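The values are calculated or read from the model by the stated rules, or taken from the named source; none is laboratory data. It should be emphasised that the depicted structure is a prediction, and the values quoted were computed from it without experimental measurement. No Cβ is skipped: glycine too gets one built from the backbone with ideal geometry, and neighbour counts run over all protein chains shown. Protein only, heavy atoms only, side chains kept; ligands, DNA and RNA dropped before computing areas. Shrake-Rupley method; radii C 1.70, N 1.55, O 1.52, S 1.80 Å.
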Amino acid sequence: MEKNQIIRIKSITEGHRLANLPKPKHPLISIIESGTIQGKSDISITMDFYMISLKTDCNNLQYGQQSYDFDEGMMAFIAPNQVLTGRNHSKDHTPKGWIMFIHPDFLWNTPLAKKIKQYEFFGYATNEALFVSDKEKSIIYDIVKNIENEYNSNIDKFSQDIIISHLETLLNYSERFYQRQFITRKITNNKLLNRLEDILSDYFNDDDLLSKGLPTVQYIADNLNISAKYLGSMLKQFTGLSTQQHIHEKLIDKAKEKLSITELSVSEIAYSLGFEHPQSFSKLFKAKTNQSPLEFRQAFN
């Protein structure tokens, strides 16, 4: 097998087979114990279904680029088609917990089929996991136990609706716990906000913005070493603004500075800020300030 080969897993049944697990009791949803899967560091996988996991007793787990010392619980949410790299457990310790697989077909023709795409944590990177307290872990376990009990029972016309209801409850609690995590990590997040301001300041102070263009959300996220989804969620929680709105706020501040202390034309300012078309700059400035660039300059002077 080639190094770093990517294997696509199309069904939950295929995933069970590759992991040497018994055939799932339901072809579209499955819950297994974490310790039953041994990751392989020489392969990567991509799945056609959702994965939700909770691991406990991880002890000094290296996750992403950081090391965490905890034993309460860590949740991860993986959407279809994301690439995952296998990782071996240490020989003397295997994390406990569970992994849930949910095929999109299971959600078909239910409100959750559309709503699940609105949970932004499915787009977070692996080092942006949700760390749950004992109380939160107990709540999650009770919900998952209800799901497990339902699909272990005889399947009938009510089974899907009941499981879907429990799944939505699980995701709503996860959203609540993530919002709590943003608050409890206030110091770390404030540092990210400060770095964000520095990145934007450095970017807009560059003399070659015309060739670079305006900064993208992905550019900001990459420079902060976090996912664009996580950055957006954090900013929304702390500032009420999206990443794009933060970029625009910084851009307008820089534009106001140039309009007030230089004699550059509006077109020259637009080009210096990375706009290809001065009209786009004027439109954005008017939308943000209720004044055209010239009106602002005249009022300031």
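Starting from the residue with the highest accessible area, list Glu257, Glu33, Glu263 in decreasing order, probe 1.4 Å.
Glu263, Glu33, Glu257
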Subject >> Karplus 3J(HN,Hα) series, Hz, for segment 194-205 with 6.51 cos²θ - 1.76 cosθ + 1.60 (x for Gly, Pro) >> reply: 5, 5, 4, 4, 5, 4, 5, 4, 4, 5, 6, 8
**OP:** Compare Trp98, Trp108 by solvent-accessible area with a 1.4 Å probe and give them largest first, with all protein chains kept in place.
**Re:** Trp108, Trp98
Subject >> With DNA, RNA and ligands ignored, accessible area of Met74 (1.4 Å probe; Å², nearest 10) >> reply: 10 Å²
Subject >> Inter-centroid distance (Cα atoms) of segment 240-301 relative to segment 127-184, Å >> reply: 46 Å
Original post:
Can you list, bin by bin at 10 Å, the percent of alpha carbon pairs in the chain, starting at 0?
Top reply: 5, 23, 26, 19, 13, 9, 3, 0
**OP:** Please arrange Arg297, Arg8 by accessible surface area, largest first, computed with a 1.4 Å probe and ligands excluded.
**Re:** Arg8, Arg297
**OP:** Obtain the nm distance between the two label points defined at Leu18 and Leu210 by a simple spin-label model: each point lies 7 Å from its Cα along the Cα-to-C-beta direction.
**Re:** 5.0 nm
**OP:** Note down the relative contact order for the chain as a percent, whole number, built from C-alpha pairs under 8 angstrom at least six residues apart.
**Re:** 14 percent
**OP:** Mind checking the full-extension length gain between Lys114 and Asn154? Use 0.36 nm per residue of separation minus the Cα-Cα distance, one decimal, nm.
**Re:** 11.7 nm
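Taking only DSSP H segments of four or more residues, each worth -39500 (n - 2.57), what value at 222 nm results for the chain once the sum is divided by all its residues, to the nearest 500 deg cm²/dmol?
-15000 deg cm²/dmol
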